[in-house]
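Here is the structure we will look at, set down as structure tokens.
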Amino acid sequence: MSELTKNVQPLQDFNWDEFENGTVANVSKEELDKAYDETLNKVSEHQVVDGTVISVDKKEVVVNIGYKSDGIIPASEFRYNPDLKAGDVVEVYVENAEDKKGQLVLSHKKARMSKSWERVNAALEAQEVIQGYIKCRTKGGMIVDVFGIEAFLPGSQIDVHPIRDYDQFVGKTMEFKVVKINQEFRNVVVSHKALIEAELEAQKKEIIGKLEKGQILEGIVKNITSYGVFVDLGGVDGLIHITDLSWGRVDDPHKVVELDQKINVVILDFDDEKKRIALGLKQLTPHPWDALDANLKVGDHVKGKVVVIADYGAFVEIQPGVEGLIHVSEMSWSQHLRSAQEFLKVGEEIEAVILTLDRDERKMSLGIKQLKEDPWETIEVKYPVGSKHTAKVRNFTNFGVFVELEEGVDGLIHISDLSWTKKVKHPSEFTQVGAQIDVVVLDIDKENRRLSLGHKQLEENPWDVFEEKYTVGSIHEGKITELLEKGAVVALDENVEGFATPKHLQKEDGTQAVQGETLPFKVIEFNKDSKRIILSHSRTFEDPQREEKKAAAKKARAPKNDTPKIENVAASTTLGDIDVLAELKAKMEKGE
């Protein structure tokens, strides 16, 4: 016999027959079942009762409501309450006292829903802090399960800080306050921010009361904008303007700080009510000018990066916070008015020469043209008088053409030095801006940095030849190219032009010559120095007529040796002869 049974004695009066027949002390089994049932709670389906949590796991929660069997509820119905544990009392809705398997079917969700509207209204009235489960995201905020009701949590009411990642809150259980209810549409709005605002307001007043200029505080980067950074000082926001982030230029604040970064800042200023607080970050580090190399001096070469370009010049950062200005006039030896954008671009790494350095004022001017030799220092060597070159037309004036032989070396071709033969009224008739033109150096003005140039001097003076060809009295064919009030311009051979006044444009038939006509012209004046040829068309036919008349008159006055002798006639002149002679004389005089 084992140790477990050696002291066990059977009951002497136990009635085994009654036990086997299902009766005890003359009581039937049905009576026993009825007595047992009466000891349990009376459970009616579709009612809400309190139950005690027996066990909790990831999938289900077992709840005892005092019935003969326990109910099983999906754990998902309790996700709003992650702290649920055995022994907690919860409300349940009896869906079925016994299903096909004899199981009690309960629902916690329906129990909450049956009284949810009354509860949520009571929570609003009492400003009660309630728990809710964030189910999912929606436009502008989140959907929160509160007492089984889907309430709306606006994005602005999640926290006092702007929310950048809404997904991090999905699936979380948080505390809320009911802030608004629409009774007609049964819409509920909740807020988590409202719970912490009161506490923050107290902190804010305490912080503001202690603010002083120059005070250094720790803060968290709350928001980054194009113009600066907002920093949370513990319920109070301050702004670091973009110019106070770094001693160097900052084009994007994101390159200096990050969201949610902890930084130390110094209070620069605030208004009387301390609602606007100006903060500084760069002021916590020494000014870069104070750390500038003490041996740096005018004339030294430095390297840097172009950070800003304006029409008048460019700012070059030689080290963070230390900048120098290159004025546009120090970018090229040329004297033309130009923009700095033609020489440099932002971000370009360049070398420059220090022109001025003022450590007290923290100013520095630089130059890049000094890296090249000034072409005017040796202008006589490269561009001596009489030398020939090719230049680029820069611009015109009424009196000439400005050209550039190289960067920084300019010259002027006077309008009278463009052509030996063509009368140029404006340089645009002869060439155009940007064109190449051959020139010869006529004179050097080193003081004013200007060369006098000529174009026509590249060829021999054709007027030496014209002097022999277009002699006074010679006749040449010419075409009227332009009619003016004072006369006409006549194109002759060799690209030379003459001029005829209106009275010399009359044709033999009495009409006036017109533009485009080609006619014979007689040279009536030639001036080599002023390069002037005066022409006449009318003289080409008037002069021969005049000569004929002179010849006829001369012939009439000459003695006639072959006059026949009159014999046996009296030598005296008759009256009729005298009349004929007088008439001839009058005609001759008139012709002359």
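The values are calculated or read from the model by the stated rules, or taken from the named source; none is laboratory data. Bear in mind that the values here come from a model prediction, so they are computed numbers and not experimental data. Glycine gets a Cβ as well: all are built from the backbone with ideal geometry, and neighbour counts include every protein chain shown. In case anyone asks, the SASA skips ligands and DNA or RNA and just uses the protein heavy atoms, side chains included. Shrake-Rupley method; radii C 1.70, N 1.55, O 1.52, S 1.80 Å.
Structure notes:
- Among residues of segment 415-460, those that are modelled with pLDDT of 85 or more, touching a Ser or Thr at 6+ places or on another chain (Cβ under 8 Å) and part of a helix (DSSP H, G or I), counted: 1
- Residue list for segment 276-306, filter: over 27 Å from Gly238 (Cβ atoms) and under 30 Å from the mean Cα position of the chain (by Cα): Val302, Lys303, Gly304, Lys305, Val306
- Complete set of residues in segment 307-316 that are in contact with a helix residue (DSSP H, G or I) (Cβ under 9 Å, 6 or more places away or on another chain) and surrounded by 17 or more Cβ atoms within 10 Å (Cβ to Cβ): Ile309, Gly313, Ala314
- Among residues of segment 181-193, those that are over 42 Å from the mean Cα position of the chain (by Cα) and either among the aromatic types (Phe, Trp, Tyr) or surrounded by 14 or more Cβ atoms within 10 Å (Cβ to Cβ) (or both), counted: 5
- With respect to the conditions (1) more than 29 Å from Pro288 (Cβ to Cβ); (2) touching a residue at least 24 places away in the same chain (Cβ under 8 Å); (3) out of contact with any helix residue (DSSP H, G or I) (no Cβ under 8 Å at 6 or more places or on another chain), Val236 lacks only one, and its number is (3).
- Failed item in (1) part of a helix (DSSP H, G or I); (2) open to solvent by less than 60 Å² (accessible area, probe 1.4 Å), with Gly411 passing the rest: (1)
- Enumeration of residues in segment 448-477 that are of a type in the set (A, V, I, L, M) and more than 60 Å from the chain's Cα centre (by Cα): Val465, Val472, Ile475
- The number of residues in segment 316-338 being in contact with a strand residue (DSSP E or B) (Cβ under 9 Å, 6 or more places away or on another chain) and without any contact (Cβ under 8 Å) to a residue 12 or more places away in the chain comes to 1.
So that you can scan it fast, the table gives a plain yes or no per residue for (1) surrounded by 12 or more Cβ atoms within 10 Å (Cβ to Cβ); (2) in a helix (DSSP H, G or I); (3) touching a strand residue (DSSP E or B) at 6+ places or on another chain (Cβ under 6 Å); (4) without any contact (Cβ under 8 Å) to a residue 12 or more places away in the chain:
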residue: Pro286; (1), (2), (3), (4): no, no, no, yes
residue: Lys297; (1), (2), (3), (4): no, no, no, no
residue: Ile350; (1), (2), (3), (4): yes, no, no, no
residue: Val353; (1), (2), (3), (4): yes, no, yes, no
residue: Asp360; (1), (2), (3), (4): no, no, no, yes
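- Residue check for Val308: at pLDDT below 90 and in a strand (DSSP E or B): yes
- Selection count, segment 480-510, where residues are on the phi < 0 side of the Ramachandran plot and touching a residue at least 40 places away in the same chain (Cβ under 8 Å): 5
- Residue pairs meeting the criteria (Cβ under 6 Å; at least 6 apart or on separate chains; first farther than 27 Å from Gly324 by Cβ, in segment 249-278; second open to solvent by less than 80 Å² (accessible area, probe 1.4 Å) and charged (D, E, K, R)): Ala278/Asp269
- The set of residues in segment 324-347 that are within 11 Å of Met364 (Cβ to Cβ) and either small (Gly, Ala, Ser) or open to solvent by 40 Å² or more (accessible area, probe 1.4 Å) (or both) comprises Gly324, Leu325.
- Segment 375-399, subset among the hydroxyl-bearing types (Ser, Thr, Tyr) and part of a loop (DSSP other than H, G, I, E, B), residue farthest from the chain's Cα centre (by Cα): Ser387
- For His504, the conditions (1) under 17 Å from Arg539 (Cα atoms); (2) open to solvent by 80 Å² or more (accessible area, probe 1.4 Å) are fulfilled apart from (2).
- Criterion (at negative phi, touching a Ser or Thr at 6+ places or on another chain (Cβ under 6 Å) and either aromatic (Phe, Trp, Tyr) or modelled with pLDDT under 90 (or both)) met by exactly one of Phe402, Phe396: Phe396
- In segment 362-374, the qualifying residues are those that are open to solvent by 80 Å² or more (accessible area, probe 1.4 Å) and assigned to a loop (DSSP other than H, G, I, E, B), and the one that is nearest to Glu447 (Cα to Cα) is Glu373.
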